[in-house]
Amino acid sequence: MVTTRVRHKWGMVVDLDRCTGCQACVVACQAENNIPINLEQHFLQRRAIEWIRIERYWEGLEEAEKTGDLSKVKARFIPILCQHCENAPCEPVCPVYATYHNNEGLNVQIYNRCIGTRYCVNNCPYQVRFFNFWQPTWPESLHNQLNPHVTVRTRGIMEKCTFCVQRLRKGGRKEVQEGKRLDDKEFDAQSGMFAPACARACPTDTLVFGDMNDPNSRVSTMAKDNRNYKLLASIGTEPNVIYLKKVDLDASDAATH
Amino acid sequence: MELTRRQLLKLTGLGLGGVLYTACTYDLSETRVESPTHIPEDLVAGLDTWYATLCRECGASEGIIVRVMEGRAKKIQGNPLYPTNTGKHRPGCEGALQALYHPDRLAGPLRRMVKGVGQSFEPTTWSLALEELSSQLAKHQSDPRSVVIITDPLRGSAADLMQRFATSYGARHVVFEPAEQTVLYETTKRLYGSEQLPHFDIANASSVLSFGADFLSTWLNPVGYMRQYGQFRQGTGRKRGRLVHVEPRFSMTAANADEWVPVNPGMEGVLALSMAYVIVSERKGDQSAADALTGGAGADALRAFRPGDVASVTGVPAEKIERIAKEFADHQPGVVIGGGSAGAHTNGLFNLSAIYSLNLLMGNTNKRGGVWLNPQAPLPELRAQATATPLGQWQPLIDDMKAGRVQMLIVRGADPLYGIPKALGFEAALSKVPMVVSFSSFMNDTAVYADLIVPEHTGLEDWGNDVPQPGPGFQTVGYQQPVVREYHERERLQADRGSRGFADVMLALAEGLPKVQQALPWKTSREMLMDSARKLQGLGKGSVVAASFDRFWIDLLANGGWWDTSATSTATPPKPSALPTQRRDPQFQGAGAEFHLMPFASNAMGDGRGAHIPWLQAAPDPVTTAVWGTWIEINLGVAKEMGIKEGETLRIISPAGEIEAHAFPHPAIPRNVVAIPMGQGHRQYGRYAQERGANVLSILAPAADADTGALAWAATKVRVEKTGRRIHLPKFEGTVELPTQLEEGAIIKTTKPV
């Protein structure tokens, strides 16, 4: 088939040295993607849905306890979202092909194929897939806020980060209309409208989104930074989300978490 | 009557035709999908439009753009053009959407039926409500001081309107903010001779030394500071900056600092002066500033603060004080930031003055990577300073209320019953006021006591403008426009109910008061804003320039405001005056109690204004990951000794009252400190906030800063008791302990700086 489509490979670079853990990405994602309201009982049942979340890890606890010097304690933050793995462990286990890898590097979930076996969530090492244990409900008036470009998922459906595919689709239309490849400008907070909601919100520019296939894009350059690493690299999932190490004056390889 | 066959056929035909004719017509209303009067002219079905406006969910008032589809607001993002937040936003900004469509928003004015009896309200109309307000205001004209208006800190045209209204009428205007910035404003005035809070050039600084100010979470303009923090850490073309944070609590800023220095509460000023001693004695600072600050006596003037002598009172080892001071002085340009709990003590002004003097000592005023003074607002009617009324001035007001000297109390944008320390007796005083009027869009703690509730628009439906405080270092005026038609428009059109803008209501009320009307020559708030915009246009400079006013107005609203990057401060700061030579120690209320109580603004919900928003209730606290409740951070070791486990309900007893909160044994809070987030414990405020958690503000002892009279909200000491009850603390983090060493190495990998 003859196609004029540009071949993108969407990816993200997360610079941990910039992240303050402020939760702007988390709330922005919930507003954009019609994520059900996480009530107290959802947290207590460990069934809160956050496509992107901030994890906090403690360090230096033992040293602080030993010396009595509290300033040795460190809290570190890391945003975790679907890693859009090239070798995604969630994909081959879906019996109905509801999850697959598309030609733009996205790990996609097709809601109306999903039958809720939850095999994928079991197989995901990053715990970024969420099952709708209940029919999501909003008070009538809050329906006004729901994003018409994002499906509201029903009970029994698996859902996850899409890199805000609705924005990328819109960008794709612009690409076709203008005959110009989407570049960094379109994903920049100052000039573009197509970056995923989390990256668009991030006050410190921790989250940078772009096209890994474009050798000049910010993500391509940043991914080559010598601080780069992949989350749980040893299991070989080949994520499209690249992390840059946190810079620490007392950094050591013996970090324990 | 005889009927021929022909006549019968004619009649039948006519009748049938008539029936068919009427059956084929249709009710005109059926052809209207949407009433034409409701459709904004630029609406194209299926397409979204982004409008620029200001976020009114917290004091920072960031510039935002709002995605609107078919008349409904869908998403909020930072306005890329707006200078203070340059395209980014906080979790709180998204909350404006849920405030707009909140299921518990009041759909129209309410009138109390029986005075003093719970929530006995009946719906009323705007015309009746305004009539009642007008007649009350007219009645009290002879004794105007008996009318009191309480607002949140106002800026821009709203502040001007309020001031004109209060002055011309003669009413008392008091400003309420739970964690007031009075001490910070006073410090800026004394040290820099400026009414405006300064701009910190963090992005270009090599080192940042901060005392008490949780500027990466809630302090002043967190988005602006975080924008700069990103640059400070990993900006291109610069070396990574170093952040040292001094605070008794392990806040978000402490968590992100390279070094966190836990200090004894209230001793921040002494620590800062000790660092000044080190810098002066090592002759590392600006020599002329050092001479001025020490009265020419050099380090000797500060000998009372020698690190060895203050180590025990501050709780910071002498060698650490010396090292941090030297490192800061060696890594210039550097900026010192102070605020938050450091200024919330009985020696608050002493602390902040000492802290900001370090900036003077380094001579970094108006220098790259230092402290930039902000210029005056471009027009005199655009007021920028928004100081709260210090606690010291509340007591006489409350006494007046109790004595029946206040006849009418108007409350707007604030919930004083929730935020004022209980010990002041505001609640009892409130029930003595014959007429309490609330402008709240939600039934909040104060509104329950109101005799009349006239709900105002939420931020996305209203007009306004703002002079950001602190500004970005140059003149900036943000403009706020309604991005959607008011949500309760139908109620307003059909039943004279719904909501109205606060400024519009005040202008409508002015019409019945000749003196006030003279001072307020506008019909609507939009007109008032256009008036200021015309003057801005007249300046002929800045980001929006246009020959015609129509063009200027459109561009002004489309950009979200006006700013002039070349209009920086021209004022020369006064010569520094000599530093104190003696310590001024803080006084605490609740002597004998073992813990200092550190209240702190919740990262998402702030001082409680955002508690009604479910997204913000569910946004985990970054450090504890707790959600939907009130927790108390207590030292892990202390908790072990007391046998306290996570989720255990503790009773916190201060001299002013007691509350209950759930324990979070914290590995990084000093043994003599407990910390409780602000934001919860509302008696009302909609289904998501009502009766949830506890209100830490209610148990604060009414201690005040000795110099400014501002509430010293960090000066209360408390006892902690076990109740024997325990819950599962709602939080995001799991409860399963991780193995000490993961096979694949750390999740968050670290590296040393290059």
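The values are calculated or read from the model by the stated rules, or taken from the named source; none is laboratory data. Just so we're clear, the structure is a prediction, and the values are computed from it rather than from any experiment. Virtual Cβ from ideal backbone geometry, glycine too; neighbours counted across all protein chains shown. For accessibility, only protein heavy atoms count, side chains too; no ligands or nucleic acids. Shrake-Rupley method; radii C 1.70, N 1.55, O 1.52, S 1.80 Å.
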Scope region A:35-48; condition at the interface with chain B (Cβ under 7 Å from one of its Cβ atoms), in a helix (DSSP H, G or I) and of a type outside the set (Asp, Glu); matching residues:
A:Phe43, A:Leu44
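Look at B:Thr218 and say whether it is of a type outside the set (D, E, K, R), within 24 Å of B:Asp707 (Cβ to Cβ) and touching a residue at least 60 places away in the same chain (Cβ under 8 Å). Spell out the reasoning first.
Values: of a type outside the set (D, E, K, R): yes; within 24 Å of B:Asp707 (Cβ to Cβ): no; touching a residue at least 60 places away in the same chain (Cβ under 8 Å): yes.
Answer is no for this residue.
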Please work out which one of (1) within 11 Å of chain A (Cβ to nearest Cβ); (2) surrounded by fewer than 24 Cβ atoms within 10 Å (Cβ to Cβ); (3) in contact with a Gly (Cβ under 6 Å, 6 or more places away or on another chain) is the condition B:Gln234 fails and give its number.
(3)
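This table checks each residue for (1) open to solvent by less than 30 Å² (accessible area, probe 1.4 Å); (2) away from chain A (no Cβ under 13 Å).
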site: B:Gly610; (1), (2): yes, no
site: B:Ile613; (1), (2): yes, no
site: B:Pro620; (1), (2): yes, no
site: B:Thr625; (1), (2): yes, no
site: B:Gly629; (1), (2): yes, no
site: B:Leu636; (1), (2): no, no
site: B:Ile644; (1), (2): yes, yes
site: B:Ile659; (1), (2): yes, yes
site: B:Ala668; (1), (2): yes, no
Find the residue count for region B:638-688, including only residues that are touching a Ser or Thr at 6+ places or on another chain (Cβ under 6 Å), outside any strand (DSSP E or B) and among the polar types (S, T, N, Q).
1
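Answer yes or no: is there a residue in region A:60-83 that is within 22 Å of the chain's Cα centre (by Cα), in a helix (DSSP H, G or I) and of a type outside the set (Gly, Ala, Ser).
At the first step, the residues of region A:60-83 found to be within 22 Å of the chain's Cα centre (by Cα) are A:75-83.
Right, trim to in a helix (DSSP H, G or I) and you get none.
No, the conditions are met nowhere in region A:60-83.
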Residue pairs qualifying under the 7 Å Cβ cut-off, at least six apart or on distinct chains, with the first in region B:106-133 being free of Cβ contacts under 8 Å to residues at least 12 places away in the same chain and the second being surrounded by fewer than 11 Cβ atoms within 10 Å (Cβ to Cβ), are B:Met113/B:Glu122; B:Ser120/B:Val114
Mind counting the residues in region A:115-162 that are away from every other protein chain (no Cβ under 14 Å), touching a helix residue (DSSP H, G or I) at 6+ places or on another chain (Cβ under 9 Å) and open to solvent by less than 30 Å² (accessible area, probe 1.4 Å)?
5
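I'd like to verify a number: residues in region A:181-205 that are touching a helix residue (DSSP H, G or I) at 6+ places or on another chain (Cβ under 8 Å) and open to solvent by 30 Å² or more (accessible area, probe 1.4 Å), how many? Full working, then the answer.
Going through region A:181-205, the residues touching a helix residue (DSSP H, G or I) at 6+ places or on another chain (Cβ under 8 Å) turn out to be A:181-182, A:184, A:186-187, A:189, A:191-205.
Next, from what is left, pick out any that are open to solvent by 30 Å² or more (accessible area, probe 1.4 Å): A:181, A:184, A:191, A:193, A:205.
Residues in region A:181-205 being touching a helix residue (DSSP H, G or I) at 6+ places or on another chain (Cβ under 8 Å) and open to solvent by 30 Å² or more (accessible area, probe 1.4 Å): 5 in total.
When you look at B:Asn264, is it touching a Ser or Thr at 6+ places or on another chain (Cβ under 7 Å) and either crowded, with 24+ Cβ neighbours inside 10 Å or modelled with pLDDT under 95 (or both), yes or no?
Values: touching a Ser or Thr at 6+ places or on another chain (Cβ under 7 Å): yes; either crowded, with 24+ Cβ neighbours inside 10 Å or modelled with pLDDT under 95 (or both): no.
The answer is no for B:Asn264.
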Determine the pairs where a residue that is over 13 Å from B:Val720 (Cα atoms), located within region B:631-647, has a partner that is assigned to a helix (DSSP H, G or I) with Cβ atoms under 8 Å apart, the partner being 6 or more residues away or on another chain.
B:Gly637/A:Glu65; B:Lys645/B:Ala639
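Inside region B:440-546, counting only helices (runs of 4 or more DSSP H) that do not spill past its ends, which hold 3 or more residues that are of a type in the set (D, E, K, R)? Lay out the reasoning, then the answer.
Values: elements: B:489-495, B:502-510, B:514-519, B:525-539.
Hits in region B:440-546: B:489-495, B:525-539.
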Considering each residue of region B:395-404, count those that are open to solvent by 10 Å² or more (accessible area, probe 1.4 Å) and touching a Leu at 6+ places or on another chain (Cβ under 9 Å), and give that number.
1
Going by what's in this entry, would B:Gly709 be described as surrounded by fewer than 23 Cβ atoms within 10 Å (Cβ to Cβ), away from every other protein chain (no Cβ under 14 Å) and in a loop (DSSP other than H, G, I, E, B)?
yes
Residue ID - farthest from the other protein chains (Cβ to nearest Cβ), chosen from residues in region A:19-34 that are assigned to a helix (DSSP H, G or I) and closer than 22 Å to B:Asn221 by Cβ:
A:Cys25
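Only one of B:Ala714, B:Ala689, B:Ala704 is of a type in the set (A, V, I, L, M), within 14 Å of chain A (Cβ to nearest Cβ) and within 21 Å of the chain's Cα centre (by Cα); which? Reasoning before the result, please.
On the way: B:Ala714 fails: within 14 Å of chain A (Cβ to nearest Cβ); B:Ala704 fails: within 14 Å of chain A (Cβ to nearest Cβ).
It is B:Ala689.
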